[in-house]
Amino acid sequence: MDLEFTDEQEMFRRSVRELFAREFGRDYVRGCDRDKRPPTEAFQALGALGYLGINIPQDYGGGGAGAVDVAILLEESGRGFLDLALWVFRVVSHGGHAVSAHGTPEQRERYLPKIAGGELSVCFALTEPESGSDAAALKTAAKPTGAGYEVTGQKIFCSGFKVSDFVLTATRTSTRERKHQGITNLFIPTGSPGLTATPLETLGHWPLGTTLLHFDQVEVPEDNRIGPQDGGWPLLTDMLEYERLCLSAARTGAAQAALDDTLDYVKQRHQFGQPIGKFQAISHKLADMQVMVDISRMLVYRYAHRLDKGVATARDAATLKLYAAESYKAVSDLGLQALGGYGYTMEYDLQRHFRESRLGTIGGGTSEIQRNIIAKTMGL
Ligand SMILES: Cc1cc2nc3c(=O)[nH]c(=O)nc-3n(C[C@H](O)[C@H](O)[C@H](O)COP(=O)(O)OP(=O)(O)OC[C@H]3O[C@@H](n4cnc5c(N)ncnc54)[C@H](O)[C@@H]3O)c2cc1C
């Protein structure tokens, strides 16, 4: 395994980092978070630079890059602004990756150039009120009509719906002996008649928000189906594993930002006549935070490297998702404690990391489910 980056990759990392520092710095991030406003300008800037098509084949206007480059983009975006990174992740994963890997040539022509240019945004609806961790138990029905499908049902926690043109929706087209069969994935326009979204109040993820979706006899044309009818589960597992790379890279970047803020603070804040970072009780927290960020980063690039070589396993993905999410949560908690009362105020960003990091161990498969996946590979 080669953990060195090429000169081009180092340059790419620097340019994403500099873009955030120059154009979309702390005040911008805080403003979007406070006002629950999507970071549209930043998203468009990434699109104009061609970053949103990073993993799309060059024939379709993309960058044709592999998983390591995707991880660099997500890590640096997460370091600058996690919620923006989660928007980028959806476009890269549920858009670029899903269509490149599972779409027909006609669908690739139709969607990929627009995704690459930032003109088309995609979100994902898998979770339902009665099927969360048990995702394959989904019930939202897509009745074949001849010309396409008529979709009726409910999805919950569909995030980024308000900034999306399409929602990649997992539906049930038939009831089979095994719940993993009979699933079909549809690209549904977010403005479709019969589709309504109700925002949910949450602890974080405010700029993009999350929603409850109602599908009431929504008509979806046949050629909006991604992948085979009734055989959609493999696409979902592929996507969930790809998404684990994106989410973990973004959260590793965010954890680094939380660590950077904490380090600055403990060097400047004096109590008992010295910087608080000189107290071992504080410096050990920082050391623990550094170790967690370092290991998360190593796991991100180990997994990316394996994805590029075509040897990544579900266990690799689960290990990464579990560790990176739990680490971001722990780093944010330790950082907030090191800032004392100021960490609890809205004047500092540790409160945002503390809130945002709680989603990491829940969304995209909880930490318990990741442990189940790992334990299963151990014969348990
Ligand atoms: C802010 C937010 C954004 C989200 N965005 C999206 C999105 O865009 N698209 C989407 O499809 N979904 C999204 N989700 C949904 C998310 O993936 C689910 O919340 C998650 O998979 C857990 O499902 P659940 O909430 O129904 O919890 P449940 O499945 O009801 O689990 C409740 C608890 O039981 C535990 N548990 C359940 N089964 C087991 C088991 N077999 N072994 C051990 N423990 C178990 C869980 O780990 C958890 O602690 C989002 C969620 C949130 C909160």
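The values are calculated or read from the model by the stated rules, or taken from the named source; none is laboratory data. Please read all numbers here as calculations on a predicted model, not as lab measurements. Reconstructed Cβ throughout: ideal geometry from the backbone, glycine too, with neighbour counts over all protein chains shown. These accessible areas exclude ligands, DNA and RNA; they are computed on the full protein's heavy atoms, side chains included. Shrake-Rupley method; radii C 1.70, N 1.55, O 1.52, S 1.80 Å.
A few remarks follow.
- Candidate set from segment 119-158 (those that are under 12 Å from residue 172 (Cβ atoms) and surrounded by fewer than 20 Cβ atoms within 10 Å (Cβ to Cβ)); member that is nearest to the ligand (Cβ to nearest atom): 131
- Annotation note: Cβ proximity below 9 Å between a residue of segment 191-203 that is closer than 22 Å to residue 361 by Cα and a residue that is at pLDDT 95 or above and open to solvent by 50 Å² or more (accessible area, probe 1.4 Å) (sequence gap 6+ or interchain) occurs for 199/162; 200/157; 202/157; 202/359; 203/358; 203/359.
- Just one of the numbered conditions (1) assigned to a helix (DSSP H, G or I); (2) within 15 Å of the ligand (Cβ to nearest atom); (3) of a type outside the set (S, T, N, Q); (4) open to solvent by 30 Å² or more (accessible area, probe 1.4 Å) is not true of residue 323: (2).
- Failed criterion for residue 348 (all others in (1) more than 23 Å from the chain's Cα centre (by Cα); (2) open to solvent by less than 30 Å² (accessible area, probe 1.4 Å) hold): (2)
- A single member of 330, 312, 338 is closer than 30 Å to residue 4 by Cα and crowded, with 20+ Cβ neighbours inside 10 Å, and it is 312.
- Residue pairs whose Cβ atoms lie under 9 Å apart, separated by 6 or more positions or on different chains, with the first residue in segment 350-368 and closer than 15 Å to residue 322 by Cβ and of a type in the set (Gly, Ala, Ser) and the second near the ligand (Cβ under 6 Å from one of its atoms) and part of a helix (DSSP H, G or I), do not occur.
- Residues that are touching a residue at least 12 places away in the same chain (Cβ under 8 Å) and either open to solvent by 30 Å² or more (accessible area, probe 1.4 Å) or hydrophobic (A, V, I, L, M, F, W, C) (or both) within segment 175-190 comprise 176, 179, 180, 181, 183, 186, 187, 188, 189, listed in sequence order.
- In segment 159-183, the residues that are within 12 Å of the ligand (Cβ to nearest atom) and of a type in the set (S, T, N, Q): 159, 164, 169
- Options 37, 14: the member that is surrounded by fewer than 20 Cβ atoms within 10 Å (Cβ to Cβ) and outside any helix (DSSP H, G or I): 37
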